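The values are calculated or read from the model by the stated rules, or taken from the named source; none is laboratory data. Predicted model, so just to flag it, every value in this text is computed and none were measured. Here the Cβ is made from the backbone with ideal geometry for all residues, glycine too, and neighbour counts use every protein chain on show. Keep in mind that these areas ignore ligands, DNA and RNA; they rest on the heavy atoms of the full protein, side chains included. Shrake-Rupley method; radii C 1.70, N 1.55, O 1.52, S 1.80 Å.
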Amino acid sequence: MARNWTREELILAMSLYCRLPFGKYHNRNQDVIKLAQSIGRSASSVAMKLSNLASLDPYHQERGVKGLSGASNADRAIWQEFHSDWEGLANESQRLEQELNLIPEEPAEEVVQFEGETESTRVTKVRRAQRFFRSTVLASYDYRCCVTQLEIKDLLIASHIIPWSEDPAKRADPHNGLFLNSLHDKAFDRGLMTLDEDYRLVYSQQIRDACTGEAMNRFFKPYEGQHIYFPSRFRPDQEALQRHRNQIFVA
């Protein structure tokens, strides 16, 4: 008789679902194999669990893409738990992954930046949330800038639509993310660029005026009014984009 999945195992599976590109949930994937070995399950069992989680994803349901149909009540519960508390579950999943050596420990010199256990713990949680957010957004956009399709990871940034400091509930939420090259990330962050209700690029007057120059014309003009390349899951939240347009964008 197959043993039930524990809550911790489900957290690990959901975290892996978030961090793997769509279509990479098969039992030959090294990350699937590594997780399976860490929790004493077969790679096929983990792959099946990831497919069950995929079947709960509304974005895939809208696209007519279905995973397996055997999602359990426990699968639905962990799906909802992540979506209700992205930062908390990001921290918990990263802690479990570090304990099982699935991801490296944070270097001590990077974590302990303040005196006292409370501040050290806080910084650790922040870094875990940041790492989860980046890896999830990166995988969702298939490692490519959603504007230019640039694929050089060192030049790409997991951008927050609602800034990190403004809404704790959005900090690790991948729906609050865009994967942008560093130039467009800076423009988005400074309110010189936004997305309309149809996910098309809108530039500020400052950018449009500057597009008379050769460099600006090359880097910005070709993308004005174009749709972004959509992620394979966790589509950008419309409410967050509206807040960006109303509160950050400088028309």
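Observations, loosely collected:
- From Glu197, Glu166, Glu151, residue being exposed (fewer than 15 other Cβ atoms within 10 Å of the Cβ), touching a Phe, Trp or Tyr at 6+ places or on another chain (Cβ under 7 Å) and either outside any helix (DSSP H, G or I) or charged (D, E, K, R) (or both): Glu151
- Any chance Gln98 is closer than 21 Å to Lys34 by Cα and either modelled with pLDDT of 55 or more or loosely packed, with under 10 Cβ neighbours inside 10 Å (or both): yes
- Among the residues making up the range 178-194, a single one is of a type in the set (D, E, K, R) and not in a helix (DSSP H, G or I): Arg190.
- All of (1) outside any loop (DSSP other than H, G, I, E, B); (2) under 30 Å from Arg127 (Cβ atoms) hold for Asn246 with one exception: (2).
- Condition check for Asn181: of a type outside the set (Asp, Glu), touching a residue at least 12 places away in the same chain (Cβ under 8 Å) and at negative phi: yes
- Picking from residues in the range 58-81 that are open to solvent by 50 Å² or more (accessible area, probe 1.4 Å), over 25 Å from Arg7 (Cβ atoms) and in a loop (DSSP other than H, G, I, E, B), the one that is modelled with the lowest pLDDT is Lys66.
- Of all residues in the range 1-22, those that are under 17 Å from His175 (Cα atoms) have Cβ atoms under 6 Å from Cβ atoms of residues that are open to solvent by 10 Å² or more (accessible area, probe 1.4 Å), 6 or more apart or on another chain, in Arg19/Ser135; Pro21/Asp142; Phe22/Ser232.
- For Gln206, the conditions (1) open to solvent by 50 Å² or more (accessible area, probe 1.4 Å); (2) in a loop (DSSP other than H, G, I, E, B) are fulfilled apart from (2).
- Of all residues in the range 209-224, those that are of a type outside the set (A, V, I, L, M, F, W, C), part of a loop (DSSP other than H, G, I, E, B) and closer than 16 Å to Leu180 by Cα total 1.
- Among residues of the range 11-46, those that are over 16 Å from Glu99 (Cβ atoms), open to solvent by 10 Å² or more (accessible area, probe 1.4 Å) and part of a helix (DSSP H, G or I), counted: 7
Here's the yes/no breakdown for (1) under 24 Å from Ala54 (Cβ atoms); (2) touching a strand residue (DSSP E or B) at 6+ places or on another chain (Cβ under 6 Å); (3) of a type in the set (Gly, Ala, Ser); (4) without any contact (Cβ under 8 Å) to a residue 40 or more places away in the chain:
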residue: Arg208; (1), (2), (3), (4): no, no, no, yes
residue: Cys211; (1), (2), (3), (4): no, no, no, yes
residue: Glu224; (1), (2), (3), (4): no, yes, no, yes
residue: Tyr229; (1), (2), (3), (4): yes, no, no, no
residue: Gln238; (1), (2), (3), (4): yes, no, no, no
residue: Gln247; (1), (2), (3), (4): no, no, no, yes
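- Looking across the range 142-162, the residues that are of a type outside the set (Asp, Glu) and farther than 22 Å from Arg200 by Cβ come down to Tyr143, Ile152, Lys153, Leu155.
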